[in-house]
Structure formats: structure tokens, C-alpha cells
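Colleague: Here's a structure for you.
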Amino acid sequence: MTYNFRYSKFLQGGILNIIFLGLLCMASIGISMLILKLIGISNTKVSIFWDNNPNIALILVLLLPLILLVLFIITGSILYRQLIDSKGVLNIFNNCAILHYKGKEITLEKGEFSVSYGKVHFGRNGICNFLYPVVYVIKTKNEKFKIYKSVQEAYELTTFKQRMKKLCPELSLDIAMNALIKLSNTKNKKIKNEISYIGNIEIVLNISTLDVFENTDYFVDIENAFALKDVPFITCDIYENKNSNHLIGEIVLLDDEKNDKLPSVEELKKRVIVSVIKLDEYIKK
């Protein structure tokens, strides 16, 4: 079976982040000085205006670099996430797996490797972002490979409110690694707890389908399901039957087509649920 996944080429929050932030700071200061020079804040010919309006001059000197820095950080972080985002492929057979990662083709024989994962923390209390960088480590007899979860994919699959609540669905790399670990010599053959709940509905990840919501107090909004381009997932909202404005969760279905076209309703019902996000929101329709 083939698993397409996305990953980050570098560690989000690592030394490259610091260098990137430093460059943004220098760029914002340099452009601010250029703008101030162009508007003549240091020009003696127009110094009378600035002498008569010292508050405006002070605000420009203090706020302009700050405003530019904030704008640079926002646009720079979006650009950085896209630059470090990459794609890989995992082909799983009965006795081995072939991993295409960073331009390499890695053959993993059954029982001859291990898979582990962990969160990467920065500083004393760890980073405060919703997504702690997760690294999967594949160890063979002679080599070790580290694969970081795609931060860009996580942002694409979540809303701002979900990120503030530190909610993140299972990503394509999680699904691929959960499949790969079954061929490994790792004692625990599952990386994550595969059972999740929405209300009192038990959902077995990678097994359960939309049938689990039949004859329950909830319904799946299939008509407004959507697929993200280049991401093998389809998301559906779950609402309460008694109050159709009460959004109680979101489920993610595995999509075997890498495009933004939705399959038929009957086909959607056959797709397995790979991730669950619990919500408690009231949506005005």
C-alpha cells in the first residue's frame, strides 16, 4: 500500500528559525531607516516641519520599525513554513517497506528497524505554540532517520481558533508511520491511541467510518465537506441533531485522490476516519 505524506525539511523553532528572525529584524530596521530618510526626518531643509510636530516624528521613529517587523514576521513565517514543507512516499509490502524521503530511497526490512516519536521542546517550559514539533525516528542497524511533521500541513488543516486551543488533527505523516510501525521490531505496535470520542460515540481511528453516527444524537454535514488540494484528507463537521447550530466536532476522512474534488456521498461513507477534533461552538447559519 502507498502512503503519501508531507514533512518539514528542517526543525520548526530550530537554529534556522533564529537566523531567519534575525534577518527579518535587520531588514525591518534597514527599511525603516530608508523610509525615514526618504520622508526627510533627518533633512535640515524640512526639519522645521518635524520641529513643529515632534510627536509625529517620535511616533514614526518608534512605531515604524515595530510595524514593519510584525508584518515581516507574519509574512516571513508563512513563507518559511512553505519553504521547509516537502513531500515523501512510503510503499509498504508484506516483508519490507520502501521510504522515499529527502531524495533518497530507503529500504526497511521487516523486523530490522524500529520506529519511535517524541515532541521537541525549546527552553525551560517548551514552546507555547499549538503544535509541538513532532519527530519520528526510524532506526536501522547502521542508520537513523529523523522525520519532522509538516507544520504547513497542520496550519492548513486547522483554524486559528483550533490552534489557540492547541488542537491538531492526525497528519499524513502520522498515518504513514502508524502503518510502518507494524513492520518494525518496536514492541508497542501503535504510536498513538487509536480510539477517540465525540460525545459518547467511540471512533476507532483508521477503522471506523461514518456509519458510527447512524441512529445517534449527531449528524455528519456531508454536503459541506471539503477536500484540501495536495492534502489527502477530507473534513466534515459534526452537529447535534436537536440543535443544528451546535458544532460538536470535526472529523477527517482519508482521501485517496490528491486534489480538491470531492467523491460521491456513497464513497465518502466508505472512507475511514483518521482524526477527530472535539469542538463546542454555535454556528449561525
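Colleague: Starting with the fewest neighbours, write out S184, S244 ranked by other beta-carbon atoms found within 10 Å of each beta-carbon. Before the final figure, lay out each step's value.
Modeller: Details: S184 21, S244 12.
Ranked by crowding around the Cβ, least crowded first: S244, S184.
Colleague: Determine, for I19, I238, the number of other Cβ atoms within 10 Å of each Cβ, and report the residues in order from fewest to most.
Modeller: I19, I238
Colleague: Here is a further query. Under 17 Å between alpha carbons: how many lysine pairs meet that in the stretch 195-282, if sequence neighbours fewer than 8 apart on the same chain are excluded?
Modeller: Close lysine pairs found across the stretch 195-282: 4.
Colleague: Starting at 0 and stepping by 10 Å, how many percent of the alpha carbon pairs of the stretch 195-282 end up in each bin?
Modeller: Answer for the stretch 195-282: a P(r) of 18, 54, 26, 2 percent.
Colleague: Counting other beta carbons within 10 Å of each Cβ, put K110, K37 in order, fewest first.
Modeller: Ordered by Cβ neighbours within 10 Å, fewest first: K37, K110.
Rule-based calculations on the coordinates, nothing more; no lab input. For clarity, every value in this text was computed on a predicted model and none was experimentally measured. As a convention, Cβ positions derive from the backbone with ideal geometry for all residues, glycine included, and neighbour counts pool all protein chains shown.
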